[in-house]
Amino acid sequence: MSEPAAGVVEPSGSDRRARGQLRIYLGAAPGVGKTYAMLNEAHRRRERGTDVVVGFVETHGRAKTAALLEGLEVVPRRTMPYRGTTFEEMDVDAVLARRPRVAVIDELAHSNVPGSRNAKRWQDIEEVLDAGIDVLSTVNIQHLESLNDVVETITGVPQRETVPDAEVRAAEQVELVDITPEALRRRMAHGNVYAADKIDAALGNYFRPGNLSALRELALLWLAEKVDEQLDRYRAEHGIASTWETRERVVVALTGGPEGDTLIRRAARIAARNTGADLLAIHVSRSDGLTGADPVNLAQQRALVESLGGTYHQMVGDDVSRALLDFARAENATQLVLGASRRGRLAQLVSPGIGVTTTRHSGSIDVHMVTHEEAGAGSRRLPRISGGLTVRRRLAGAALAAGLLPLLTFVLTELRGMVHLSGDILLFLLAVVAVALVGGLWPAIAAAVVGSLLLNYFFTPPLHQWMIAERNNALALLVFVAVAAMVSMVVDLAARRTSEAARASAEAETLSTLAGDVLRGESALPALLERVRETFGLTSVALLERGTGAAPLGTPGEQRRRLLGRAAGRADAEDQPADGRRRHGWHVVASAGPDPCQRPEEGDTGVPIGEDLALVLRGRTLPAEDRRVLAAFGAQAAVALQQQRLTEAAAEAEPLAEADRTRAALLAAVSHDLRSPLASAKAAVTALRSADVPWSPAEHAELLATADESLDRLTRLVENLLDMSRLQAGALAVFPHPVGLEDVLPSVLDDLGPAGRSVDLRLPPELPEVIADPGLLERIVANLAANALRHSPPERRPLISASALGDRVELRVVDRGPGVPERQWDRIFVPFQRLGDRDNSAGVGLGLALSRGLAEAMGGALEPENTPGGGLTMVLSLPAAPVTEPLPDHEAAVS
């Protein structure tokens, strides 16, 4: 029994389930040996007595791979006709009917021929697995849906066949078939992967060492993520709460305070010491929503975490220490970074604080207590004597106490013989509670003190003296004062919490609306500022930015670097002018409402956003409690401004990027296509000039024909390149005027030579003229006709027909060849990209792209459509020339 190969993710259990098990061999690139390893595993299982069949294996002409098929039972493939050609696909029904224990099915991401049972092979494999059959399969990293675009960016080669990541992650085993880039390139150079004529092109393009190294790293990282998922699942299934230090994960706790930047950078340095370590930031919010952090600080700290390659998380919990540890254990964190307490020494003596509590219960998680400038500062301001009640209610409470206590004293004095001291105390207590309900804490405390004095003087023996003869009466008065004070404090606290809850609810609703606007894409600056103006009932709102000179904003790239620099809390040298002076002067970036402020000092309320931005409001001065929500609006305004400028920069850079892509594709295409006709012409001319070899007249004519044909190909190629360059530069001269198709089409077919006589031409007798440039129209039709001739079989002639439809004339060029799948129609019009042999532009892939560009330059369109019975129809639509009525004879004579 051989040991498991390195890089294998073993199944979580050994028991066989009703559904079959899937084992996938994952490779970083073609040729690493996935199919070879899969077939070796099939032989090992067969030698152990397992019933193994081959459902589908693609050898790609590799002799060593084909040799491994010997000795294995192969299920016959199913033949599928498609567009005049037959293809072989896996016969799912035959595999299910055979019911082996293990089926070998290659190429998980393969797309089946249209008309097959399923569109994708992984769907076929799902049916086989559902039948209880184990499956061995293969896939390359570039075919995973989540990495498809990344691989295209690295290699420049789009991958049309993809498989969902979930399908691969659901496999019981994923084995990475790994090989170094150097070894794979040697394997290719020896002819073990591709045919000899494809080796040089492959080594110089897709299989460059840098590409292979990047693909290999992607495969390793993707497999590592799957291992993490299985490890987390195993820990959850077995109730393992302790930390397994398989990989360093550093969690930093943020409170939203000014010390957050220091903590994040410290945690990032700790994570950077360990290759592959993760950085996670967590902010714990109270579940009652009544207290929270500064949203501006949190937004900046989140940007800093993400700029350092970490992730930001937020959770709700009343016990902050427990929430932090629960999060750290759930993420299998190894280290936790906390800031030293900002509380004073007395407060730390009364309560140990979050840091001490977290350290005490952290277990195997290392806790770092990081000091900072705010540590131990304590409270720098005395607490305000304020509650949740308005001034009017406090005055009402005081007035109630001033009127109710004397009245109650007078009534109880009159009823002295009927009500005892205990009753007097309860009635006074009721009066104090009433004052507390109306006026809150301080009026109630005053009422309790005054009430106790009145009880002592008028109702406690000896009467009319500030003395108490019996201890029980003294105890009763003390209890009265204590109960009155506690009740009034509870009432005042309830009122304060009610006010805070209402405030928090309003803030939450406002911020929820803001978040909804962002999600719906309504975060443009003018709309955002208008939302601020409406929310707070203001006259105008302006976003101001500090700048210098005529171009205060700088380029979008400079703006982006400054914003990222400020988000990271560092000074950027580019944010300073060359002379070292600070930027000065304010200007309005965006505004809402009439007469926006031009400088921060003109507004009634201003909120600074970073160093060079400010949100200035006019209309009324906002209270301090409104600044919290206003700060959130300001932070979002800064983000919206950054996104707007990045969008503008991207729009400006897109033409340059497109030009770079076109240039790169052009160089890649013409490197071969220019060389080929030049080499042929050069060889022919050199042979003709050679005096060493006597050429016969026939050989002499053949060499001349070869040179002439090569130069013609080169001429067409250069003409197409020049025309495409003029089209992209907008410099192509177009002179459209009424043209009859019956005048253009015959000459085009004559220019095609003998092949043009095999094209059927059908034009209706009353076909209107079209508005077109005759020369460009001939180029378009010649390209389309040449393509149709190339792809139509000899026994089925191409067809050119025309028809009038409203104010348009449609010219159809129909071929009877294999056609092009509908999903690939757009590709045949992309310059410098060829789809098989579909383009006739001397190989560069310009013919159809140029034809569409010329058609659009004349106000027309060129679109493909399916040909009934098989083939492809190119539809050229052009504007019809207006029909003019003939003039009467006398008017014609005058004109």
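Annotations
- Two-site FRET efficiency, residue 598 against residue 221, from Cβ-Cβ distance with R₀ of 56 Å, rounded to 0.05: 0.60
- Heavy-atom accessible area order for 695, 442, largest first, 1.4 Å probe: 442, 695
- Amide hydrogen neighbours beyond the local backbone of residue 772, cut-off 5 Å, H modeled: 737, 739
- Three-way shape call for region 168-223 based on the alpha-carbon gyration tensor, with the a/c threshold at 1.5: prolate
- Of the three principal axes defined by the Cα atoms of region 14-116, the extents in descending order read 47, 31, 26 Å.
- Couplings 3J(HN,Hα) of region 681-695, computed from phi: 5, 4, 5, 5, 5, 4, 5, 5, 7, 5, 8, 7, 10, x, 9 Hz, in residue order, whole Hz [Karplus 6.51 cos²θ - 1.76 cosθ + 1.60, θ = phi - 60°; x for Gly and Pro].
- Phi angles across region 420-434 convert, under the Karplus curve 6.51 cos²θ - 1.76 cosθ + 1.60 with θ = phi - 60°, into 3J(HN,Hα) values of 8, 4, 4, x, 4, 5, 5, 5, 5, 4, 4, 5, 5, 4, 4 Hz, Gly and Pro given as x.
- With the whole protein complex present, residue 812 retains an accessible surface near 60 Å², based on a 1.4 Å probe.
- Accessible surface of region 61-113 [probe 1.4 Å, protein heavy atoms]: carbon and sulfur percent: 52
- For residue 133, distant residues with modelled amide H under 5 Å away: 20
- The calculated FRET efficiency for the pair residue 530 and residue 361, based on their C-beta separation and a Förster distance of 35 Å, comes to about 0.10.
- Our coupling estimate for region 747-759, obtained by passing each phi through the Karplus curve with A = 6.51, B = -1.76, C = 1.60 and θ = phi - 60°, is 5, 5, 5, 5, 5, 6, x, x, 5, x, 6, 8, 9 Hz, Gly and Pro reported as x.
- Cut-off under 5 Å, modelled amide H: who pairs with residue 138 long-range: 25, 107, 108
The values are calculated or read from the model by the stated rules, or taken from the named source; none is laboratory data. The structure displayed is predicted, hence computed values, not measured ones. In this analysis, Cβ positions are derived from the backbone assuming ideal geometry, glycine residues included, and neighbour counts consider all displayed protein chains. Ligands, DNA and RNA are excluded from the accessible area calculation, which covers all protein heavy atoms including side chains. Shrake-Rupley method; radii C 1.70, N 1.55, O 1.52, S 1.80 Å.
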